[in-house]
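Shown next, in C-alpha cells, is the structure this report addresses.
The values are calculated or read from the model by the stated rules, or taken from the named source; none is laboratory data. Fair warning: this is a prediction, and the values are worked out from it, not measured in the lab. All Cβ positions, even for glycine, are placed from backbone atoms using ideal geometry, and neighbour counts span all protein chains on display. To get the accessible areas, we keep the full protein, side chains included, count just its heavy atoms, and leave off ligands, DNA and RNA. Shrake-Rupley method; radii C 1.70, N 1.55, O 1.52, S 1.80 Å.
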Amino acid sequence: LEEKFPLLGVPFTVKEAFSLHGMPNTSGLVNRRNVIATSDAAVVSRLKQAGAIPLGVTNCSELCMWYESSNRVYGRTNNPYDLQRIAGGSSGGEGSVLAAACSVIGVGSDIGGSIRMPAFFNGVFGHKPSTGVVPNDGQFPNAQGVRTSFLCTGPMCRYAEDLELMLRVMAGPGVSRLKLNEKVSLQKIKFHCMDHDGGSIFVSPVDKEILQAQKKVVEHLEDELGVQVRRVAIHKMKYSFQIWSAMMSSKDSDGQEAQMFTELLGDHGKPVWPLWELVKWLVGMSSHTLPAIALGLTEKVMKLNPGGNAKLVSMGKSLQEEVEALLGPDGVLLYPSHPTVAPRHNCPICMPFNFAYTAIFNVLGLPVTQCPLGLIQLVAASYNDHLTLAVAQYLEKAFGGWVLPGKV
C-alpha cells in the first residue's frame, strides 16, 4: 500500500488556478466565474492516484500575476497570523490554509515566487522544483513560449519532510532527474550566503530582522555542522527585476512572442483596454483589480526598448552560468526570500517589484526551497533539488519549523 498509494487518505488543497474536477477554475477572473473544471490537472490527478483526497480549491491573485491574493470573484485572503497582513501570492490561499492547519499539503505554482512568497509570509515550506520536471498541464493561465521554462508547479507543506514525498508523486516518471534517492551529507555541502541583492533601486532594503534570522542560520550551520558558510556577492543579482522582466517578455527559440497579459484579461469575455479599465476602476465600475490593470498598462512599455531587453536577456544567461558554476554539484545558497516580512494589505502597490528576490530564480531555472525558520530561500544548481530539501529538513529540526497561528 505504501508503495502504490503513498498518500492514502491524506487531505490536500489545490490552488484554484489548477483544474480539480467539479470545482471552479476562475483564477480570480470575473468573466470565468462560471467555469467549472471537467477534468483534473496532471499533478492533481497524480496526487489522487497516490491516494490523496482533495478538500477543495484555494484563492489566488487575478490571473496569478500579483503577490497579494485578492480578486473580484472571491475577495481577499488574509494572513492567519495577522489578518491585517497579506498572505502573499499568487498561491496565497494555499499558504494561508496550510498555515492555519485547514489542510495538510497543497499544490502551488510559481513563475515569480508564487509558491515561495506565500510560504514565507505564512510560515510554511514550499519548493520550486528544477525547471521542466513537474508538469504544468491543467492550469489557467498556463505558460506559453519562453515562459514554459519559467513556470514551475510544486508542493507546499507545513512539514519539510512532506515536500519530497509530494514532489516524487507530482513529478511522476521525471523524478529520477532530481536525484532524490541520493543520500546527502550536510557536512559536505558547500554553503554560500548573500544578505541582499546588492542594492537595487527597484526594491526595498532587507529588513534587519530578516538579516538577523539569516545570521542565526549561518551561525548554526557553522557551529553545529562544522562547515564554513562563504559570503558571496553576485553583482548581477542587483538587476534581478530588470532581468526577470526582460526574459519574461522575450521570444522563444522559435521566435514566438510571449502571450500578452491583456489577452488573458479578456478570457471568456470581450477584449480589455487597460486605460479604459483604469477609468472604470477609479469610479468603482471595473471588474478587475488595480494590479491587473497596472500590469496591462505597463507590459507594452517593455516592448519599447528591444535593444535594452536583449542586453538584459544576455545578462540573465550570463548570471545563470555564474550561479550554476558557483554552486556546482554540491553547493547551496542562502538568500532572503523577500526584503520585508508580510506587508499590510495593499502595501505591495507602493513597492511592486519586491518579488524580484524570488523571481530571479524562475528565469535561472534553479531549484529553490523556502524555509519558514530563518526566513530564507535555499538555492541549488539545476536538478540538485535533493540538496535544498535535505537542508530544509535539517533546519526544521534545528529551529522548530511551522508554528500554529494561535500559539504565536
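Computed from the C-beta positions of Gln256 and Cys347, the FRET efficiency with R₀ = 41 Å rounds to 0.70.
Pick out the long, greasy-scoring helices in the chain: whole DSSP H runs spanning 15 Å or more along their own axis by Cα, mean Kyte-Doolittle at least 0.5.
Span-like helices in the chain: 160-171.
If the limit is 22 Å between Cα atoms, which of Lys179/Lys317; Lys15/Lys407; Lys128/Lys407; Lys251/Lys311; Lys238/Lys300 go over it? Where the Cα-Cα span goes over 22 Å, the pairs concerned are Lys179/Lys317; Lys15/Lys407; Lys128/Lys407; Lys238/Lys300. Largest first, the residues Asp385, Asp137 sort by 1.4 Å accessible area into Asp137, Asp385. The distance between label points at Asp267 and Leu211 comes to 4.1 nm (points 7 Å beyond Cα on the Cα→Cβ vector).
Rolled with a 1.4 Å probe across the full set of protein chains, the surface gives Thr131 an accessible area near 30 Å².
DSSP bridge analysis restricted to the chain gives an antiparallel fraction near 65%, rounded to the nearest 5. Shape class for the range 297-403: oblate, because the ratio a/c of the largest to smallest gyration tensor axis (alpha-carbon atoms, square roots of eigenvalues) is 1.5 or more and b/c is at least a/b.
Protein heavy-atom surface of the range 11-399, 1.4 angstrom probe: 55% of the accessible area is carbon and sulfur, with nucleic acids and ligands not counted.
Cross-link partners of Lys280 among aspartates and glutamates, defined as those whose alpha carbon lies under 18 angstrom from its own and excluding same-chain residues fewer than eight positions apart: Glu62. Couplings for the range 176-181, taken from phi via the Karplus curve 6.51 cos²θ - 1.76 cosθ + 1.60 with θ = phi - 60°, read 4, 5, 8, 6, 5, 7 Hz in order; Gly and Pro are left as x.
Note on Glu2 and Arg230: the extension gain reaches 78.0 nm, defined as 0.36 nm multiplied by sequence separation minus the Cα-Cα distance. Residue by residue, the range 53-60 carries 3J(HN,Hα) couplings of 10, x, 8, x, 10, 10, 5, 9 Hz when phi is fed to the Karplus relation 6.51 cos²θ - 1.76 cosθ + 1.60 (θ = phi - 60°); x denotes Gly or Pro. Model label sites at Val279 and Arg33, defined 7 Å from Cα along the beta-carbon direction, differ in position by 2.4 nm.
Solvent exposure of the chain, expressed per residue, is 41 Å² of accessible area, with all protein chains present and a 1.4 angstrom probe.
Here Ser204 and Phe399 are evaluated by their C-beta separation; at R0 = 35 Å the FRET efficiency comes out at 0.90. Largest accessible area first, the listed residues Lys128, Lys311, Lys215, Lys48 line up as Lys311, Lys215, Lys48, Lys128 when surface is computed with a 1.4 Å probe on the assembled protein chains. Given the choices (1) 18.9; (2) 30.6; (3) 41.3, mean projected area of the Cα convex hull in nm² derived from the coordinates of this structure is entry (1). Just checking the listed ones, Phe120, Phe261, Phe191: in the Gaussian network model of the chain with Cα springs under 10 Å, the one fluctuating most is Phe261. Under 5 Å between amide hydrogens, built in the peptide plane, is the criterion, and for His192 it picks out Arg230, Val332, Leu333, Leu334 among residues at least 5 positions away or on other chains.
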